[in-house]
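Only one structure is covered here, and it is reproduced in the block below.
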């Protein structure tokens, strides 16, 4: 939903703070009443007010939020890929450059949701709601890609949001432990970035969880661009 200076995403199927959060529009200069309206939108849904954003894109937002009592949850570096920097994953032996697929059926989406749950060590459990969320991403202008495991299930996958302000977020890159080290993360990341660029998006960005994943993303053309701030009330 759009609020004065912000856009907030709310999913009635989950209270996860990683799904329900707000982001300011670039250059936003919210008044105190705008912050109050934002807080109310979260409170009415029984959610903790939370934002994720790049401070450089909206310098006036952080001071306004801190006046209202918001505190730092985390600060993460983000990487950006453009059509000019995107590179195909390098080969290197059996299992490298695996075939990347787009999900077609409900079974495909359930398999991806289950695989990502395992990849992230049960941080979230597999569910019909999670599979449906992946399908909505694909149907609403984003993309989902995965690599099939030999047994027909999903070995690993990821998703990319619909573009906003001419950029898109690539997230949820995960590989089941049994299939790591086979180039799946790099192949899925490159395929999603390519899909976004084919639709006319000028850039794709992501955050990384460690130096190992950072190296994977840099190999396919992602470069450091700045930091993102996570604030909660």
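The values are calculated or read from the model by the stated rules, or taken from the named source; none is laboratory data. Keep in mind that what you see is a predicted model, and the values were worked out from it rather than measured. Cβ: placed from backbone, ideal geometry, glycine included. Neighbour counts: every protein chain shown.
For residues that are closer than 30 Å to residue 32 by Cβ, in a loop (DSSP other than H, G, I, E, B) and in contact with a helix residue (DSSP H, G or I) (Cβ under 6 Å, 6 or more places away or on another chain), tally how many sit in region 53-87.
Going through region 53-87 one residue at a time, the tally reaches 1.
All of (1) at pLDDT 95 or above; (2) over 30 Å from residue 155 (Cα atoms); (3) out of contact with any strand residue (DSSP E or B) (no Cβ under 6 Å at 6 or more places or on another chain) hold for residue 25 with one exception: (1).
Exactly one residue out of 171, 90, 99, 132 is modelled with pLDDT of 90 or more, surrounded by fewer than 18 Cβ atoms within 10 Å (Cβ to Cβ) and part of a loop (DSSP other than H, G, I, E, B), and it is 99.
Identify, from the list 72, 105, the residue that is loosely packed, with under 15 Cβ neighbours inside 10 Å and out of contact with any strand residue (DSSP E or B) (no Cβ under 8 Å at 6 or more places or on another chain).
Details: 72 fails: out of contact with any strand residue (DSSP E or B) (no Cβ under 8 Å at 6 or more places or on another chain).
After ruling out the rest, the residue left standing is 105.
What number of residues within region 135-161 satisfy the criterion of being touching a strand residue (DSSP E or B) at 6+ places or on another chain (Cβ under 7 Å) and outside any strand (DSSP E or B)?
Residues meeting the conditions: 5.
Every listed requirement among (1) touching a residue at least 60 places away in the same chain (Cβ under 8 Å); (2) exposed (fewer than 12 other Cβ atoms within 10 Å of the Cβ) is met by residue 83 save one, (2). Restricting region 51-69 to residues that are farther than 18 Å from residue 164 by Cβ and in contact with a strand residue (DSSP E or B) (Cβ under 7 Å, 6 or more places away or on another chain), the residue that is surrounded by the fewest Cβ atoms within 10 Å (Cβ to Cβ) is 62.
The sole residue among 199, 182, 219 that is surrounded by 19 or more Cβ atoms within 10 Å (Cβ to Cβ), over 30 Å from residue 68 (Cβ atoms) and either modelled with pLDDT under 95 or touching a helix residue (DSSP H, G or I) at 6+ places or on another chain (Cβ under 9 Å) (or both) is 182.
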